[in-house]
Every structure is written in C-alpha cells, then in structure tokens.
Amino acid sequence: MKTSRTKNRLRASAIVAGAMIVPAGLFAAPAMAADDATVSVLHAIPAGLGADVVDVYAGDSLLIDDFTPGSLETLVVPAGSYDLGVYADGSTPADSDAVLSAMGVEVPAGANATVTANLDASGSPALNVYVNDISEVMAGDARLTVRHIAAAPEVDIRADGNVIASNLVNPDEAIVEVPAGTYTADVVLAGTDTVAIGPADLDLSEGTNTIVYAWGSAEAGDLALAVQTIDGLDGMPGGVPAGGGAASGSGTNSALLAAGLMTVAAAGVAGAAVRLNRSRA
C-alpha cells in the first residue's frame, strides 16, 4: 500500500512516530446536542511529581474524580466559559489552590478539544489546549495527529527509514492524512539514528482521527504514550471543522491563550492553520 502517492503525502506533512507504538484506544465522544461541545482531558504528568492522583474541576463542580497519570476522559459539556482547575486528590476549590488552572476557557458549541496536564520542555507542569480536527476525511483515508507533550528533546520522525518530519518540539503537533491501513515508523533523536521509540506498526482505520500523545520525561526514563481516537469522520453530518493548534502555558498563564484558541476554532478562521503549517515546515 506504500504507493508514491502515499509517500508524497507523508513527506508533505509531519508525524510524530511515538504514535506507532500503542494499540489504538477508542475514546469516542457520546452523542451530543447542537449546543454542546466535546472536551477530553488527559492526565500526562508522571507519577512522583506531586500530582499522582488529581481531581479536575470546572468552577466549583467536580468534572473528573481520582484522575491518574496516563488516563484520558472524554466529556460532553454545554457550550460556555469554564474556569478549569486541577487539584490534589481530595482537595477542592473551596479549601486549596489548584495545581494547574486555566480561567475563562471558551468552549463553543460543536467544538471538539483536548486539555492536557503535562510537562513542558523544561519539565515544569503545564496545561495545553488543543483543537481536534473533526473535519471530514476523504473516503478510504485516515487522519493521524501526534502531539509532543513530553519533557524531551527535539525528535525526527521516520517512515520506512526515511525522515518525514524533523525537529518537532514540545508542545507542537503534526497531522497527516493517508490511505487507511498499517504503517511502520519510528522516532529518533533529531539529526541522529538513535531510536527513542519504535519501530512498530500503526493501524489507522478509515474515517478516524487517531491522536497520539508522547508524554513523560526523557531524563526520568518514563516516556509513555496515550491514544485518543475520534471516529465517524467519513462524512459526519455535523460538527465544527477545525485546524490543529495548541495553547501552552503554566498555571493561569494559559488562560487567555486557551480562550483564544477555542475562539479560533469556533470562527473557523486561518489562525489555527497558520500554526499547523509552521509545525509542518
């Protein structure tokens, strides 16, 4: 299936090959009303850093209880503005400060986004907000999105031994659409042949967006992967097509960036595409 068309399309886009190691896990969103939005939350802060088990709040309301590293939860919520906070297990907004927070995050109707609590490139806790691409996938194709949210250096991505994307850094993402099927790839330290993850095969199903997160810490030796799959993109009747992009920050500093990103997603303007194109360069 590795036709010249496939290879050309692969070389024209960036993939993070950490995706190639994990069997695809399905986190499809529940059915939603027209004025709802889908928000996924990923706990990607490794154990031992004071956030082993956390609770996630929206304002004073508990969203996720006993959230552990590597877990991903998908929620359907009413569109609106949310003050998101990550708290130590058993703590609440009434009796303690948030480990991480993002205030005034705008979630438009029909949006599909993922919030990650992770380490930035220097190893400090951070929040990222990503808009998930739920636009229609061409018949016979699949979409792969990979996000670098680990305290790890730049990486190159290889398919069949050939570098198809270079110097991907935290918190960048890369997206590619390819004919559905199985691909073999690995990830190496930038500019070297030193394999960090892989090689392994990845099975991409038709009409899906498989989103893979590389998280953890290279220094601590606990790099890991989490997988989210959004299906039903082969001619889905509704939803807001949205380009990729990430708003990254530590603590409340991520608030305005997160809100701005979600606004871009609702408007469908070119801002998100500009960031994506830069990450593909």
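The values are calculated or read from the model by the stated rules, or taken from the named source; none is laboratory data. Note that this is a predicted model, so its numbers are computed, not measured. As a convention, Cβ positions derive from the backbone with ideal geometry for all residues, glycine included, and neighbour counts pool all protein chains shown.
Below, the figures for the structure above:
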| read-out | value |
| --- | --- |
| When residues of region 138-147 are limited to those that are of a type in the set (A, V, I, L, M) and surrounded by 23 or more Cβ atoms within 10 Å (Cβ to Cβ), the one nearest to residue 190 (Cα to Cα) | 146 |
| Condition check for residue 113: more than 22 Å from residue 150 (Cα to Cα), among the hydrophobic types (A, V, I, L, M, F, W, C) and assigned to a strand (DSSP E or B) | no |
| Failed criterion for residue 13 (all others in (1) at pLDDT 50 or above; (2) surrounded by 14 or more Cβ atoms within 10 Å (Cβ to Cβ) hold) | (1) |
| Selection status of residue 95, among the charged types (D, E, K, R) and under 22 Å from residue 149 (Cα atoms) | no |
| Close pairs from region 173-196: first under 17 Å from residue 133 (Cβ atoms), partner of a type in the set (Phe, Trp, Tyr) and part of a strand (DSSP E or B), Cβ under 8 Å, at least 6 apart | 173/130 |
| Pair list, Cβ < 8 Å and 6+ apart or interchain, from region 89-102 residues that are under 14 Å from residue 63 (Cα atoms) to residues that are in a loop (DSSP other than H, G, I, E, B) and not hydroxyl-bearing (Ser, Thr, Tyr) | 89/52; 89/53; 92/60; 93/59; 93/60 |
| Selected residue (only one of 150, 126 is buried (at least 17 other Cβ atoms within 10 Å of the Cβ) and farther than 17 Å from residue 211 by Cα) | 126 |
| Region 45-81, residues that are touching a Leu at 6+ places or on another chain (Cβ under 7 Å), assigned to a strand (DSSP E or B) and not aromatic (Phe, Trp, Tyr) | 55, 56, 58, 63, 72, 75 |
| Residue selected from region 153-179 under the condition crowded, with 21+ Cβ neighbours inside 10 Å and either of a type in the set (S, T, N, Q) or touching a His at 6+ places or on another chain (Cβ under 6 Å) (or both), by the criterion farthest from residue 114 (Cα to Cα) | 168 |
| Every residue from region 181-212 that is hydrophobic (A, V, I, L, M, F, W, C) and buried (at least 19 other Cβ atoms within 10 Å of the Cβ) | 185, 187, 188, 196, 197, 202, 204, 211, 212 |
| So residue 232, is it at pLDDT 85 or above and assigned to a loop (DSSP other than H, G, I, E, B) | yes |
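Yes/no per residue for (1) on the phi < 0 side of the Ramachandran plot; (2) surrounded by fewer than 22 Cβ atoms within 10 Å (Cβ to Cβ); (3) among the small types (Gly, Ala, Ser):
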{"site": "62", "(1), (2), (3)": "yes, yes, no"}
{"site": "66", "(1), (2), (3)": "no, yes, no"}
{"site": "76", "(1), (2), (3)": "yes, yes, no"}
{"site": "87", "(1), (2), (3)": "yes, no, no"}
{"site": "102", "(1), (2), (3)": "yes, no, yes"}
{"site": "106", "(1), (2), (3)": "yes, yes, no"}
{"site": "110", "(1), (2), (3)": "no, yes, yes"}
